[in-house]
Structure formats: structure tokens, C-alpha cells
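Undergrad: One structure is given below, represented as C-alpha cells, and several questions about it will come after.
The values are calculated or read from the model by the stated rules, or taken from the named source; none is laboratory data. Just so you know, these numbers come straight off a predicted model, no measurement behind them. For neighbour counting, all protein chains shown are included, and Cβ atoms are generated from backbone atoms with ideal geometry for every residue, glycine included.
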Amino acid sequence: MCAAFFDSTRGLRVRCAGGLLCLLALLGGSPSSAAAQRFLSDDPLWHDPDRMDMPFPEPTPSDRGIGPLEFFERSFGVPGEYAVPAKNVNTVGGVPNSSWYTNRHYRSPMSPAALRQGPNQGPGPSARSPWRVVELGPPGGLPRAIIRDTTGRPFRILFDAPAHPEMATGAAMISSRLLHALGYNVPQHWLRRVRAGRLVPEPDSGVTQSRVDSLLASAAQRPDGTYRALVTRIPDVERRIGPFQFKGTRADDGNDVFPHEDRRELRGLRIVAAWIHHSKIRPRHTLDVGVQVEGRRFVRHYLTDLHLTLGSAGATPKSEWSGHEHVLELGRIFERIGTLGLSGGDWAEVVPPDNAAVGRFGIGGFDPRAWRPEWPNLAFQRTTPADAFWAAKKIRNFSREDLRVIVSTANYSSAEVADYMVRTLLARRDAIGQAFLNWGGGLDRFAVRSGRLTFEDLRAAYGQAPDTLRRTVTWRAYDNRADAVSPVLTRMTSSREAVPLPDYSPSYLRASLVTPRAGTTRVYVRQTEQGQASPGGRLRRRVVGVERTAPSTAERP
Amino acid sequence: MKTFYRAPRVSVRTPDAAAFTIPIVSAQMTGPSPGPIRRVTVLGIALVTTLILGAWSTPRTARAQPTSRPDRSRTVPDSSWNREGVRDTSRAARWRRVRRQKAQSMEEHRPSFVERAVSFVSSFGGAVVPHRLILDVPRVEIADFHPVFGGLEGNAGTTAGVLYAPTFWAGEQRLAEAELLGSLRGYYGTGMRFGGVFGPYVGYAYARYQHRPRESFYGVGPDSQVDTEAGFRLDQGVVGGLLGWSPRPSALLGGHVSYQANRYGTGQGGRPTVADQFGATLPGIGDDVDYLMLGAFFELDARDTPYTRAFGHRFAPTEPRLRGVSLDASRGFYLASEVTHNLSMRGQDVDFTRFTLDVREFVPIGKELLHGFSFRQFASVTHSGGGRVPFYRLQSIGGARSLRGYPSGRFRDRNVLLANGEVRCQIWHWIDMAVFADVGHVFRDVRDVDAADPRVGYGLGFRVKNDGKTLGRVDVARGREGWELHLDLGSLF
């Protein structure tokens, strides 16, 4: 039938029918125009089906990072204004739960106990019998090893450097809780007090007691003679695959179809990394693992090496320039050559905190817009205002009490240090909110309740804008199949966080909320007929779409 | 009313096909509904395009199979069809379809050559001790042997070799190593050091032999001419021991006893011999000269860097003259003085005593990345009574470690005065830049000091740093005789 389309001797009617049938066959035979609809039946999607049963990818080297060509491209290239939206988002701008990310604290507030527990679902290493050391870490850096407890489960342990006790282990405990609450996959983290005799070599492992003793000799020791150990584990691992990249997809992972540089949770990670000063983030500090859940094998994606966050660079504090520059920025180098170092390094004058457990972590010189990791990556360079808003609202959602609970898991011996960490995280949180919550007017948590469209003005909630700010709300009908809107149904101005829905019954309504000097947010509401006995009335309404624009690119509402 | 809205699309690229687009919204309305002719035209263009792309991407050869096939018995049933047999067009179903399509054409990831090369090179470790670079190459290292660069003196040029450092004696306060070195210019040598730090005491033994066939000599005195360059060969061996004591962490005093053998010969390279150029009566020509060296030294280090004693071996005669300790100081001072008596063991009248003083000051500025000023003053005085000093044992200035605007060993005489000054700033995380000036003078007698005619060099340099130490440097300098480019390991001061 397709050949008929090309036969010029046939009439137009036959060619039309043939072409139509061919196209319909390619589309799967459905006579409906579902392909033309903007909103589908399951929008907004909150569960990405990326945990389908797939063969495990082959392991890749753990030190595999970006190649030299990509490094120079990232360092010398000008990303410019990248306006392509993230590809793995749902219709309300959220990130569906997936093997990369799970919506937690922002969508469903976590209790203090849950915040404190963090990713630790399951028991930690057994507390009674000695731990058998299976493998020692490489020389240099922090002392570390792999152990097995009495149940045979493997764990990784890591100690602080003697010159900076509690710095690396404390950073890992805090960041693991923060990242887990934000939704990222992180290993389970515990703090344990270890005596020298607790670690014994595993038989036939090649590890000797003298090497174990050497390991402890290079670790920070507490006044009571014990050692503070960070114990980590990733559960359910069937295969350690290797780091993931911040661009492209893994060619041998069938579930990995969205380019990583276009994943919102990775782009938004730039804002999160700025908050917790994870300037050392790069592929080698990530890990893909093959897991099996309910008979399905798939890859789960983790952020690891969290002892490199906050003020810690492992055995030493972070460098002065970390977070202010990439590893290589030629413009700054030439600027310093020309001025003999008198320009191009204002970060050198930031005075670091004078505490060995804190490292180099503070609010001085912190600019969330200018913050960057040491090693550039494509996902961070493609962070759009929408991605930044998504991350910023989740960060700003942490209250003072939330952060106090999370910082307490670091178990600092000094209350001053714990207090300093809370204050610094709060200050950086506020700076991020100021920088990125303006997008589209700073509105979120849209819902329909009792015939009203309710939302939250995040900027007003956090004191960044007056709560009396009036915004213009315009309602139109929306044609989901044609992607077209009707003339204005109603228009009003309001400073409230709830506006009534117009009394019209098209399948879709669209509200445009214009916030002066901040942008526009368009909200799409689906209306479906319910049974007359339904307590909600004859129409069931639900928010199915949200889009935000900046003031300069706003269309007429 | 015209409305125009183009919604985002999900673009997916499968390994073997051109990119295709899953339209979330594909409609574009620019006015009244298009007529049947336009609709058919649109559909026809879409159909033709799809057929062409499909034919284009069809592989002509067999495609590599996945390395392992999914266990179909556990596969999630195809949920893109609902119970009524109608195709599920939900978003989740669409995303599942994309994944199944990718799964059917997956290939195993193989790292490229560049990825493998980068991974191999990045596994190198290394350490820089004064004027040498020792590498740790995991796949090359065999039984404590390491590649090493640098370590030969004079006009050796690029030097490389192998160093043996037994791990049984390895440690921060202990040193045991032996090396074999060579260069493309025909230089070679071997050396050994063994010792350690025991509380406030430091002690070690050393031995070294170097074959230096292309050394240069321009004559004695400040007025020697560059065009009178002569070449010579020097084979030199030293063996001895050193003891030191630290009365306090920043101070060190001690002494050494060494035996040095010097063998002079005709140099390579086609240059005139020293005898032809300057006469056969020049001290050191024709005779083998052996010395018993008795030395004493004192050091005071008040710089703001961690003090690394480096076993004190920088005071031993095995170390190059005007040697430096490659630590990045920005504040404080350093002072070292030593006296060495060289006693001839062959009854020749060539005994002499040498006094040296080395002082360094560091003045911080600390404005953004401008570190500050660094100064060094060096003086060496030789007293020989009525005796003669072999020309190759005269003090010299010129080269990467003294007067940078001139070649190595350019000016020789019994006595030396030298001053270096630098303004240092950081231009990159691991690179400093320095603008420098050097002033030097050689003279036989104090009365011959001509303050009005010193030799001056100036230039620009870059230092590679890591963890508070200077690993290497490049200096471009200009003197009265032209430009010089110096590459060296470690810092000058």
C-alpha cells in the first residue's frame, strides 16, 4: 500500500488513502490523534519506568573521567545561553521518581527521625565481633579499607586525617542526609567508634596485621584512644559498574535514554553542589550499580565520596580557589599575568574559618550564580533558570530545625562547630533562594481545592518579596489536541495564594499568573466529569501542567 | 486569532539509527484548520521522510549482538497494550517503548584509545626531590625501581635513569637509594645515599661518581669572553659521611668528611682544549687531584613553610652548588653558612679553604594573588694561602641556579658575590610567575671587587608547584650576551 503512494498513474484519492494508512501504521495503528495531545492520560507523570528488566552493562574503570578533548571543550568553549529545557521532566516541571532520583522532603515532608536516618534503610555493621579487613585503600589521601562484618556484608570504612579530625567524616554524614532528603541516591552512612583491636585481617586476603596497624597509625585518634570511622555501604548491589558521565547515555544500558546533560536532577545538582560546596564533583565520584528488585535487573545511579563536600577535600581542606574557578580558565590566567596577580583572584582574600574540623567552608565570597565545580561538566553548564528554580525550591525548603537535626548526625565534639555548620548552611541556603527563586514569579505547589487554584508564593514565604504583591491572573480554555487557547474567560488581580476557577467546563483550563518584574507561570487544569454522587461536584479537576517564563520572554497572558 | 505554540519534544538517539522525535505536542496552529490538500501534503512529506531515514539507517552488515541477552522469562510484560487490546498512549508507555527499542540494538561499551591512554598516564605518581623527578609508574615499577629524571651536573642536559629505593627502609625520616643516570650528551653517573633522622640527630653516608665529558670553561675572572670557550672532561667521585644536630627545630649544625677524586681530560664536542685556550700551566690541567674534604655547616630556617630537613644532604659535596630547598615560602628568612677545607692527598700544592654564606628573605604582600618579594644573597670566599685551586674547583656563576642571563659556569674565580630578587605571583592553581633580576660578580681578591661592573641578568619565569613545593621551573632571562632559556627541577630559592 505504501508503493501506491509513489505510483503517479494512480489518482489523488488513492495516494491520499495509501499515505494515510502508511503513516497510521507507523504510528501504531491508532486512529486517535493521541500523538498530537500535549497532556496525556497519566500526566503529570511521577514514576519514570526506567527500571525495566535489562542486562547489566559491562563494568567501566572507576577512574574514568572526562576525556582530554571534552575537558578542553568544557574549559575553552563558551556555553552561552542554553535554553533547551530538560528532557526528563514531567508536565509540571518535576522530576519523576526513577533510578536516578526520588522525590522526598519537598513533596512529602520528612520527620526529624527520617531526616536523621537518611539513606540508612537497614542495619549498620555489626557492633560486637571484630571486623575483618578485606582490602586496604591506596596510599595517600585518607586512610580507608573494605571490611566484612560478622554477617559477611561488605562495608567501606574511612578515617579522618590527624590534622583535621571530624572534617571529612562529618562532611560525609551531613551531605549524605541532605542529598538523600533532596532525592538523590547516596550510600548508607554510619559513624562508628573503633578500637584498634576491632580490625583484624581477613584470612587469605593478603592483608597483614602490621598493615592494618599502619592504617590506623595514619588516622586521627580520639583522646580516649578510639578512632572515628565513617562506614558506608550501597545495598542490593549485584554488580559495581562504574562511574556515570555527565553527558550522553550509557550505550549498553537500555533504560538510559535521556542524555545526562539534559536530566533535570543532574543540571539542578549544580545548585545543590554549590550549597554543600561539592566542588570536587566529577564522574569518578559517582557510581552506577546493577541491582535486582522484584525480579527486575536495572542500574541505579549513586553520588559517592561525600567526604569531599563542605570544607573537606579529604585529608586537607579545600583549596582557596575551589568553587570559584574551574581547573583551567585561560582568561583569568592572562589577567593575572598582566597584573602580576593583583587582579583575577579576589577569592584569595577570603579568610577561612579557623577550625580544623570545618575546613574551608563559609559564606564569605559565596555567589551561587558564579559557583562552579573544579572540573567542568556539560550538565552543569546546561543548567537553565528552570532547572535552578527546581533545585533552589528544594534547598530553600529546609528549615533551621531540619538542618540542625541533620548536622547533629555528624556528631561533632564541639558544639561551636555544629552551630557554625548550621549557620553556614542556612546562609548559603538563603543566598540560593535569593538567586534562583524568582523564576516565573516564584510560585509552586499548585493544586485545586474546593474549586480554587491554590499555590504557594515561595518568595513571600521566605521573606524575599512582600506577601501583598498583586499578580494578574488570566483564565482561558485550552484545547489539548490543537494546543490552542480561547479568548480570555476571566481576568483578575490578586495577592492571595488561591484564586477561584472560572465556572466553565472545557476539558482544560489555563491560568496565567503574571508577577510584576518576576515572570509568568501558566498552570493547566484538567476537568473531567465525575459521577453526580461525587462529593467534589460534577467536575474532577486536577493540575496537569505548569510552565514558567521570565519577564522578558513572557507572552501575553 | 492566530496562536502559535511549539511545545518541547523528547529527542532520542538510538545507537544505530538517526535521531527520531517523540512528539509530546506536535501541532502547530497558525490559523484556520488546514485543508485536505495541505493535510495530505504534510502526511506525505512525513511518510517519505520516514521511509528515507529508515532505509538510510538500515545496516548493510550484521550488527554486533549484545554481549548478553535479557532473561525474557523475567521481562516485564509489554504494557503498551491495555486489556482491551487498545494501544496505550500514556506517557509512561511511550517512555517504555523507547527503552525497548534501545535494548534491541545495544552494544558493549569499549573504551577508546584516548580513554585508555589517559587512564594509564593518570595512574602515574611522582615525587620531586631537589633537582630530580622520581616517577611511580604502577605497571612499570618492578621491585622498588623507579624512573628518575635529573641528577647530573654541569652541561648534562636532559638526564634520566633508574633509581632503586628499597621499601624496607622507606619512611619519612629515612633515606636509602641508589641510582644510575645518563644523558643524551654522553654524561653518566651513579650515586648512593643511606641514612636517617634519629631525634635531633641526622646522619647519612653518600657516594657518587659522575662522568662529565662536555664541560665548558671560559677563563678565570669577570672579564672572560664567551668566544674563548674551551671544553674539558671531568670524572669526579665522592664518598663520605655527614652528621648533624638540631638544637632546636629550625636550626641545624654539623659536619662532614669526604674523599673526592678528580680526573681531568680532553672534552668532547670539537671545542678547543683548556690547555690550548688558556695555557698548560692553569691549575688543574694534566694532574689528577684528590682531596680529603672536612666541612662544617650551620643553618637557621625561619620561613613559614614546613621545615623539611632532607637529611641535611644539601650541605654534602654530593649536592650541586648553590642548591636550594624547593619549598614555597612567603614570609621569614633563611640562613646557611659552611666552611670546607680541601686537603690534597697527592702532595700537590692545591689545598684551599672555602667559606660560603647563603641568606634569603621573603617579604609578603598578600594582595589577591601577588605573593610578595623574595631575595637571596650568596657569597663564597676561597682562601688558599699561596696554593693554587684547580680551575674546575673554582666557584662559578651562570646558569639556571645562579645568574640566569648567562650560560652555566660562565664566570669562574676564587670568590663569588651573587644577589637574586624575584616578585612572585600565582597565575594558575599550580603555576607561579616570577619577574626576576640577578646580579653577580666573581673576583680573585677582595681588592678586585668592581661594584660598578657586575653581571646582570633579568627575565620572567614560571614555576610548577604542588602541595607547597616547587616541582620545576622555566626561566627566560637576558644578559649582556644574549638570551638564555633554563629548564630546571625544583626552585632556585
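Undergrad: B:T159 - would you say it is in contact with a Gly (Cβ under 6 Å, 6 or more places away or on another chain), over 30 Å from B:F443 (Cβ atoms), surrounded by 15 or more Cβ atoms within 10 Å (Cβ to Cβ) and not charged (D, E, K, R)?
TA: yes
Undergrad: Please go through segment A:257-301 and give me each residue that is among the aliphatic types (A, V, I, L, M) and either in contact with a Gly (Cβ under 6 Å, 6 or more places away or on another chain) or assigned to a strand (DSSP E or B) (or both), ordered by number. Write out each step before concluding.
TA: In the first step, residues of segment A:257-301 are kept if they are among the aliphatic types (A, V, I, L, M); the result is A:257, A:266, A:269, A:271-274, A:276, A:281, A:287, A:289, A:291, A:293, A:299.
Correct list: A:L287, A:V289, A:V291, A:V293, A:V299.
Undergrad: Also: Inside segment B:422-440, can you point out the residues that are surrounded by fewer than 22 Cβ atoms within 10 Å (Cβ to Cβ) and more than 14 Å from chain A (Cβ to nearest Cβ)?
TA: If the condition is that a residue be surrounded by fewer than 22 Cβ atoms within 10 Å (Cβ to Cβ) and more than 14 Å from chain A (Cβ to nearest Cβ), then B:A437, B:V439 are the ones that fit.
Undergrad: Here are the criteria: (1) under 31 Å from the mean Cα position of the chain (by Cα); (2) assigned to a loop (DSSP other than H, G, I, E, B). Tell me which single one A:R510 does not satisfy.
TA: For A:R510, the failing item is (2).
Undergrad: For segment B:417-447, which residues satisfy the criterion of being assigned to a helix (DSSP H, G or I) and either among the aliphatic types (A, V, I, L, M) or touching a residue at least 12 places away in the same chain (Cβ under 8 Å) (or both)? Explain how you work it out, then say what you get.
TA: Here is the first cut: in segment B:417-447, the residues assigned to a helix (DSSP H, G or I) are B:446-447.
Hit for segment B:417-447 is B:V446, nothing else.
Undergrad: Could I ask something else about it? Based on this model, can you work out whether A:A392 counts as under 18 Å from the mean Cα position of the chain (by Cα), of a type in the set (A, V, I, L, M, F, W, C) and surrounded by 21 or more Cβ atoms within 10 Å (Cβ to Cβ)?
TA: The answer is yes for A:A392.
Undergrad: Now for a different question. Look at segment A:333-373 and say how many of its residues are away from chain B (no Cβ under 14 Å) and among the aromatic types (F, W, Y).
TA: 3
Undergrad: Can I ask one more? From A:G254, A:G248, grab the single residue that is part of a loop (DSSP other than H, G, I, E, B), of a type outside the set (S, T, N, Q), crowded, with 22+ Cβ neighbours inside 10 Å and within 10 Å of chain B (Cβ to nearest Cβ). Don't jump to the end; show me each part of the working.
TA: Details: A:G248 fails: crowded, with 22+ Cβ neighbours inside 10 Å.
Selected residue: A:G254, the only one of A:G254, A:G248 that is part of a loop (DSSP other than H, G, I, E, B), of a type outside the set (S, T, N, Q), crowded, with 22+ Cβ neighbours inside 10 Å and within 10 Å of chain B (Cβ to nearest Cβ).
Undergrad: Among the residues of segment B:375-403, write down those that are crowded, with 22+ Cβ neighbours inside 10 Å and part of a strand (DSSP E or B).
TA: B:F378, B:S380, B:Q395, B:S396, B:I397
Undergrad: Something else about it: Within segment A:213-233, does at least one residue satisfy the condition of being within 22 Å of the chain's Cα centre (by Cα), crowded, with 21+ Cβ neighbours inside 10 Å and in a strand (DSSP E or B)? Can you show your working first?
TA: Looking only at segment A:213-233, we keep the residues that are within 22 Å of the chain's Cα centre (by Cα), and these are A:232-233.
Next, from what is left, pick out any that are crowded, with 21+ Cβ neighbours inside 10 Å: A:232.
Subsequent filtering for residues that are in a strand (DSSP E or B) retains A:232.
Yes: segment A:213-233 contains one or more residues that are within 22 Å of the chain's Cα centre (by Cα), crowded, with 21+ Cβ neighbours inside 10 Å and in a strand (DSSP E or B).
Undergrad: If I filter segment A:127-139 for residues that are farther than 30 Å from A:D354 by Cβ, outside any helix (DSSP H, G or I) and of a type in the set (V, I, T), do I get at least one hit?
TA: Looking for residues that are farther than 30 Å from A:D354 by Cβ, outside any helix (DSSP H, G or I) and of a type in the set (V, I, T), one finds at least one in segment A:127-139, hence yes.
Undergrad: I would also like to ask the following. Looking at B:G457, B:G472, B:G461, B:G409 in this structure, which one is assigned to a strand (DSSP E or B), crowded, with 18+ Cβ neighbours inside 10 Å and at pLDDT below 95?
TA: Unique residue meeting the criteria: B:G472.
Undergrad: With B:G219, B:G195 as the choices, which residue is touching a residue at least 60 places away in the same chain (Cβ under 8 Å) and over 17 Å from B:L243 (Cβ atoms)?
TA: Working: B:G195 fails: over 17 Å from B:L243 (Cβ atoms).
Result of the check over B:G219, B:G195: B:G219.
Undergrad: Considering (1) buried (at least 17 other Cβ atoms within 10 Å of the Cβ); (2) in a helix (DSSP H, G or I), say which one A:S210 fails and leave the rest.
TA: (1)
Undergrad: Under the condition of being under 19 Å from A:W390 (Cα atoms) and in a strand (DSSP E or B), which residue from segment A:409-453 is farthest from the chain's Cα centre (by Cα)?
TA: A:A447
Undergrad: Name every residue in segment A:127-154 that is exposed (fewer than 14 other Cβ atoms within 10 Å of the Cβ) and over 17 Å from A:P201 (Cβ atoms), in order of residue number.
TA: A:A127, A:R128, A:P138, A:P139, A:G140, A:T151
Undergrad: Something else: Among A:T474, A:T521, A:T528, which is the only one that is out of contact with any Cys (no Cβ under 6 Å at 6 or more places or on another chain) and at pLDDT below 95?
TA: A:T528
Undergrad: Among the listed residues B:G221, B:G186, identify the single one that is out of contact with any Asp or Glu (no Cβ under 9 Å at 6 or more places or on another chain), at pLDDT 90 or above and on the phi > 0 side of the Ramachandran plot.
TA: B:G186
Undergrad: Among the residues of segment A:454-485, write down those that are buried (at least 17 other Cβ atoms within 10 Å of the Cβ), out of contact with any Ser or Thr (no Cβ under 7 Å at 6 or more places or on another chain) and assigned to a strand (DSSP E or B).
TA: A:F455, A:D457, A:Y478, A:D479
Undergrad: Oh, and also: Return the only residue of B:A207, B:A176 being within 26 Å of the chain's Cα centre (by Cα), more than 30 Å from B:P283 (Cβ to Cβ) and assigned to a strand (DSSP E or B).
TA: Working: B:A207 fails: more than 30 Å from B:P283 (Cβ to Cβ).
The conditions single out B:A176.
Undergrad: Now, a different point. Answer yes or no: is there a residue in segment B:462-475 that is out of contact with any Asp or Glu (no Cβ under 8 Å at 6 or more places or on another chain) and free of Cβ contacts under 8 Å to residues at least 12 places away in the same chain.
TA: In the first step, residues of segment B:462-475 are kept if they are out of contact with any Asp or Glu (no Cβ under 8 Å at 6 or more places or on another chain); the result is B:464, B:466-467, B:471, B:474.
Those still in the list that are free of Cβ contacts under 8 Å to residues at least 12 places away in the same chain too: B:467.
Within segment B:462-475, one or more residues are out of contact with any Asp or Glu (no Cβ under 8 Å at 6 or more places or on another chain) and free of Cβ contacts under 8 Å to residues at least 12 places away in the same chain.
Undergrad: Sticking with this structure for a sec: Given the structure, is A:I281 of a type in the set (A, V, I, L, M) and closer than 23 Å to A:I432 by Cα?
TA: Criteria met by A:I281.
Undergrad: Quick check on this structure: which one of B:R376, B:R473 is touching a Ser or Thr at 6+ places or on another chain (Cβ under 7 Å) and among the basic types (K, R)? Steps first, please.
TA: Numbers: B:R376 fails: touching a Ser or Thr at 6+ places or on another chain (Cβ under 7 Å).
Just one listed residue meets the conditions, B:R473.
Undergrad: Same structure again: Does A:R296 meet the test of being within 13 Å of chain B (Cβ to nearest Cβ) and closer than 17 Å to A:L378 by Cβ? Full working, then the answer.
TA: Working: within 13 Å of chain B (Cβ to nearest Cβ): yes; closer than 17 Å to A:L378 by Cβ: no.
Here the answer is no, as A:R296 does not meet what is asked.
Undergrad: Oh, and also: Which one is nearest to the other protein chains (Cβ to nearest Cβ), of the residues in segment A:43-59 that are closer than 10 Å to A:N97 by Cβ and out of contact with any Phe, Trp or Tyr (no Cβ under 9 Å at 6 or more places or on another chain)?
TA: A:H47
Undergrad: Further, regarding this structure: Being touching a His at 6+ places or on another chain (Cβ under 9 Å), of a type outside the set (S, T, N, Q) and farther than 30 Å from A:F389 by Cα is the requirement here; does A:M167 meet it? Explain how you work it out, then say what you get.
TA: Values: touching a His at 6+ places or on another chain (Cβ under 9 Å): yes; of a type outside the set (S, T, N, Q): yes; farther than 30 Å from A:F389 by Cα: yes.
Yes, satisfied.
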